[in-house]
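Below: one structure, written as structure tokens.
The values are calculated or read from the model by the stated rules, or taken from the named source; none is laboratory data. Because the structure is a prediction, the values reported are computed rather than measured. Note that each Cβ is placed from the backbone with ideal geometry, even for glycine, and that neighbours are counted across all protein chains shown.
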Amino acid sequence: MRILALNPYHSGSHLTFLDGWTKNSRHEWTVLTLPGRRWKWRMRHAALSLSRQIRAEIGRGGRWDRLWVTDMLNLAELRGLCPPAVADLPAVVYFHENQLTYPVRNATERDLHFGYSNFLSAIAADQLWFNSAFHRDTFLEALLRLLTRMPDYGHESLVSDLRLRSLVCPPGIDTWPDTGSRSAGALRILWAARWEHDKDPDCLFRALERVQQRGVAFRLSVLGQSFAELPECFDTARRRFREQIDDWGFVDDRDRYHAILARADLMVSTAVHEFFGIAVAEAAAAGCIPVLPERLSYPELYGAEPDFFYGGTATELADRICALDSQLQTARWLELQAKAIELSSRFHWTRLAPMMDDQLQHVDRRRVLGERAMGNGHTAEDATD
């Protein structure tokens with residue numbers, strides 16, 4: 001089957017997802033992209049810019065059976081701008097994130113236009129795919145709250161139709177070679193996330209201060225992409241933990257990144273926002289023990305092992321790190337490592353790509369909105385349980 005994929009923000013997890021799927025897919029793909037920067041502007045112009053790319057592809061003989069796009073594109077606009085050969089294709093919108101529940105520092109900063117664009121894309125799609133059930137549920141709940149606030153023509157009754165057409169399709173990761181036995185040395189702690197407020201790096205560093213005060217030796221790798229407005233806690237932490245730091249900053253070489261994962265013991269998350277967490281899944285596959293706040297998508301994905309969780313505060317994180325340090329080189333440590341690898345195996349591309357290929361093949365075009373529900377309340381991940 002021939003798939004036209006549109007990725008208006010082609011970087012980070014968006015790029016990694018599509019690259020992983022297309023490499024492991026049995027379908028034939030045409031991938032059209034825009035650079036992964038200036039997300040607000042991308043959402044404004046992506047439909048027009050990509051429709052022009054599509055027309056050029058059609059001029060070169062391009063023909064497709066299905067359309068797959070991400071949440072950064074307004075699918076309703078795209079359908080209006082494209083010729084029928086594309087406008088009428090059965091289409092899926094994949095929600096990596098959404099603009100109604102993505103955290104902002106201040107509620108007044110949220111531009112609801114972008115959230116409404118997500119709504120229009122969802123209405124124009126034949127199926128909605130979310131990277132976690134947590135994401136699906138929080139988005140649809142936030143959407144219903146938004147629409148009921150409208151002065152008239154809120155169309156809130158359509159949210160139930162969207163839920164019926166929604167599926168959970170988690171992103172995939174590559175398989176990992178045998179990790180072997182742990183090498184000797186102090187506890188090796190990894191934190192890998194965007195260096196922004198919604199990942200709460202300050203919680204990490206406050207917890208590590210407590211761990212240090214309790215006399216627990218550790219090595220530290222703090223990875224991730226930084227931006228112009230860098231939280232000041234990073235500079236403070238780099239000075240405080242300079243004797244413990246092994247790696248610091250963004251790693252754009254995948255081999256080096258994989259090497260860091262392979263030697264880490266713990267993968268710590270302090271996120272207050274996370275719809276899935278590819279970095280955690282990759283680290284778990286490498287044999288890192290996840291240390292996760294008991295919130296967001298994490299209980300859904302890793303709740304089979306209670307020892308992977310802490311209550312969410314810096315003190316509770318420090319307690320969990322110290323407890324795990326006491327189990328280094330024990331049978332319990334090996335059990336936890338094996339559980340992390342087992343849970344992450346559900347997300348291997350070798351397992352997920354065929355399932356998503358099948359699901360894409362069964363997407364039909366709805367002739368009338370609400371005429372036929374495209375989902376049945378189940379998820380693509382259900383088959384992996």
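Quick rundown of the values:
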quantity: Restricting the stretch 134-186 to residues that are aromatic (F, W, Y) and within 17 Å of the chain's Cα centre (by Cα), the residue that is surrounded by the most Cβ atoms within 10 Å (Cβ to Cβ); calculated: F139
quantity: When residues of the stretch 110-126 are limited to those that are modelled with pLDDT of 95 or more and either touching a His at 6+ places or on another chain (Cβ under 9 Å) or of a type in the set (K, R) (or both), the one nearest to F95 (Cα to Cα); calculated: F119
quantity: First in the stretch 271-293 and over 19 Å from E316 (Cβ atoms), second anywhere and assigned to a strand (DSSP E or B), Cβ under 6 Å, 6 or more apart; calculated: A279/A192; A281/I173; E282/I173; A283/M267; A284/P290; A285/I173; C288/M267
quantity: Check on L164, touching a helix residue (DSSP H, G or I) at 6+ places or on another chain (Cβ under 8 Å) and not assigned by TED's automatic domain parsing to the domain that holds R242; calculated: no
quantity: The listed residue being of a type outside the set (G, A, S), assigned by TED's automatic domain parsing to the domain that holds F275, part of a helix (DSSP H, G or I) and within 26 Å of A338 (Cβ to Cβ), out of V211, V216; calculated: V211
quantity: Selection count, the stretch 216-232, where residues are surrounded by fewer than 17 Cβ atoms within 10 Å (Cβ to Cβ), at pLDDT below 95 and more than 18 Å from the chain's Cα centre (by Cα); calculated: 5
quantity: Failed criterion for W64 (all others in (1) within 14 Å of N7 (Cα to Cα); (2) buried (at least 20 other Cβ atoms within 10 Å of the Cβ); (3) hydrophobic (A, V, I, L, M, F, W, C) hold); calculated: (1)
quantity: Selection count, the stretch 327-344, where residues are hydroxyl-bearing (S, T, Y) and at pLDDT 95 or above; calculated: 1
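Here is a yes/no grid of residues against (1) surrounded by 15 or more Cβ atoms within 10 Å (Cβ to Cβ); (2) closer than 16 Å to A125 by Cβ:
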site: W41; (1), (2): no, no
site: L48; (1), (2): no, no
site: S51; (1), (2): yes, no
site: A56; (1), (2): no, no
site: D71; (1), (2): yes, yes
site: A76; (1), (2): yes, yes
site: R79; (1), (2): yes, yes
site: P83; (1), (2): no, no
